[in-house]
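A.B. asks: If you scroll down you'll find the structure; I have some questions about it.
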Amino acid sequence: MELLTDIPVRQTIHSKIHDVDFTALEFGKYTSDHMLVCDYAEDEWLQPLIVPFANLSLNPATLALHYGQTVFEGMKAFRMDDGRINIFRMDKHYERFVRSLDRMCMAVPPKELFMEGLLKLVETDKAWVPTQTGASLYLRPFVYASEARFGVKVSDKYRFVIFTGPVPELYAKPIRVKVETRYIRAAKGGTGFAKCGGNYGGAFLPTQQARKQGYDQVLWTDGGENKFIEESGMMNVMFVINDTLITPPLSDSILDGVTRDSLLVLTKDLGYKTEERPVSVDELEIAFRENSITEAFGVGTAAVVAPIQTIQIREIDHHLPGYGPGNLFYIIKQKLEAIRLGKEEDVYGWNFVV
Ligand SMILES: *Cc1c(COP(=O)(O)O)cnc(C)c1O
């Protein structure tokens, strides 16, 4: 991709790359050498810069810290089989970033800034894109309200930052989840579809309580009647019932996951039946009773697929059958990974090769 504007790069003089053992990565632990920073003031985005990764300096009255105007994206760059680097579905992530920012009344970085910023940053830190199979470079673009004023108001100033860090393949061992009917993650008319900070803070307490009871995550239900399944922790959720892949439909309380969308497309194109429709807690209970549910899994960028082994419904644990390579989640995960690594043709135009 040709760069429209050349983003200046101030190179670090102390690369941290030799401090990192790429064969022993941990998710979220390491950050690469550089970051992109771009400020918004007086209705315009100023000159973006790529600078050595460093702390931000914040006035204590910075609005984002108090009133929650902060939005992020989570995406990945992969080392392809031929050594080139691929940023997966950059445009789809950008579209979601715009929807999240609009909902939070925040300034939106132009698409060229987002795309070129990512490309140039990944190019600058290309040595940080792991070569180990399954590992990748996690990309974290975010915007926060940077104006310093302590009255409640919509910020007039924003900062757009992108940083990156190498992450390992997440070997997702099947998890135990609990249908949550006391707390909710998102409500109709709320911000559930946006990747804004507050959605995560509000989910911690219910998740921590579920952990204490021996579950890894909660299965969120709708904010109205707690009758329908929405998401699994911070992932979208899919079920295989009567050989059909079923996932709840998008709404203002469900995040439009890029992995969800990609896996739906691949599943259809492989000739399986898919349904995007409400899944009630009652339906799950019946499906367990009739043994018609064969798979349940969370889907998201971090792990692609997180298979679920147990679902607690109304205090009773229901177990999924054991999983193996014949399972649909396994087949579609493999397919997605093959496309991202260039092992299979990218007929969908999902790969942006740096
Ligand atoms: C990010 C996220 C997802 C998954 O989205 P991907 O684009 O697939 O990573 C699902 N649910 C929530 C609440 C999320 O924040």
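A.B. asks: Which pairs turn up if I take residues in the range 78-105 that are modelled with pLDDT of 95 or more and among the basic types (Lys, Arg) and look for partners that are away from the ligand (no atom under 14 Å from the Cβ) and not in a loop (DSSP other than H, G, I, E, B) with beta carbon separation below 7 Å, at least 6 apart in sequence or on another chain?
C.D. replies: Final answer for the pair search is Arg79/Ile85; Arg84/Val353.
A.B. asks: Is at least one residue of the range 148-157 crowded, with 16+ Cβ neighbours inside 10 Å and outside the structural domain of Val299 (by TED's automatic domain parsing)?
C.D. replies: So far as the range 148-157 goes, yes, one or more of its residues are crowded, with 16+ Cβ neighbours inside 10 Å and outside the structural domain of Val299 (by TED's automatic domain parsing).
A.B. asks: Could I ask something else about it? Is it the case that Val347 is open to solvent by 30 Å² or more (accessible area, probe 1.4 Å), at pLDDT below 95 and more than 15 Å from the ligand (Cβ to nearest atom)?
C.D. replies: no
Every residue, every condition in (1) out of contact with any Cys (no Cβ under 8 Å at 6 or more places or on another chain); (2) on the phi > 0 side of the Ramachandran plot; (3) open to solvent by 40 Å² or more (accessible area, probe 1.4 Å); (4) not charged (D, E, K, R), yes or no:
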{"site": "Arg211", "(1), (2), (3), (4)": "yes, no, yes, no"}
{"site": "Glu230", "(1), (2), (3), (4)": "yes, no, no, no"}
{"site": "Pro248", "(1), (2), (3), (4)": "yes, no, no, yes"}
{"site": "Leu263", "(1), (2), (3), (4)": "yes, no, no, yes"}
{"site": "Leu270", "(1), (2), (3), (4)": "yes, no, yes, yes"}
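A.B. asks: Would you check if there is a residue in the range 308-324 being within 16 Å of the ligand (Cβ to nearest atom) and free of Cβ contacts under 8 Å to residues at least 40 places away in the same chain?
C.D. replies: Within the range 308-324 (the criterion being within 16 Å of the ligand (Cβ to nearest atom) and free of Cβ contacts under 8 Å to residues at least 40 places away in the same chain), the answer is no, since none of the residues qualifies.
A.B. asks: Go through Glu275, Glu231 for me and flag whichever is acidic (Asp, Glu) and either within 12 Å of the ligand (Cβ to nearest atom) or part of a loop (DSSP other than H, G, I, E, B) (or both).
C.D. replies: Among Glu275, Glu231, only Glu231 is acidic (Asp, Glu) and either within 12 Å of the ligand (Cβ to nearest atom) or part of a loop (DSSP other than H, G, I, E, B) (or both).
A.B. asks: Would the range 179-198 turn up any residue that is assigned to a helix (DSSP H, G or I), open to solvent by 40 Å² or more (accessible area, probe 1.4 Å) and under 26 Å from Val37 (Cβ atoms)?
C.D. replies: Yes: the range 179-198 contains one or more residues that are assigned to a helix (DSSP H, G or I), open to solvent by 40 Å² or more (accessible area, probe 1.4 Å) and under 26 Å from Val37 (Cβ atoms).
A.B. asks: Can you name the number of the only condition in (1) more than 19 Å from the chain's Cα centre (by Cα); (2) in a strand (DSSP E or B); (3) not polar (S, T, N, Q) that Pro307 fails?
C.D. replies: (1)
A.B. asks: Could you check Ala107 against (1) part of a loop (DSSP other than H, G, I, E, B); (2) aliphatic (A, V, I, L, M); (3) open to solvent by less than 40 Å² (accessible area, probe 1.4 Å); (4) within 16 Å of the ligand (Cβ to nearest atom) and say which number it fails?
C.D. replies: (4)
A.B. asks: Kindly evaluate Ala135 against the criterion of being under 21 Å from the mean Cα position of the chain (by Cα) and within 16 Å of Met234 (Cα to Cα).
C.D. replies: no
The values are calculated or read from the model by the stated rules, or taken from the named source; none is laboratory data. Computed from a prediction, not measured in an experiment: that's the story for all the values here. Ideal geometry is used to build each Cβ from the backbone, glycine not excepted, and the neighbour counts take in all protein chains shown. When the accessible area is computed, the model is the full protein with side chains, heavy atoms only, and any ligands, DNA or RNA have been set aside. Shrake-Rupley method; radii C 1.70, N 1.55, O 1.52, S 1.80 Å.
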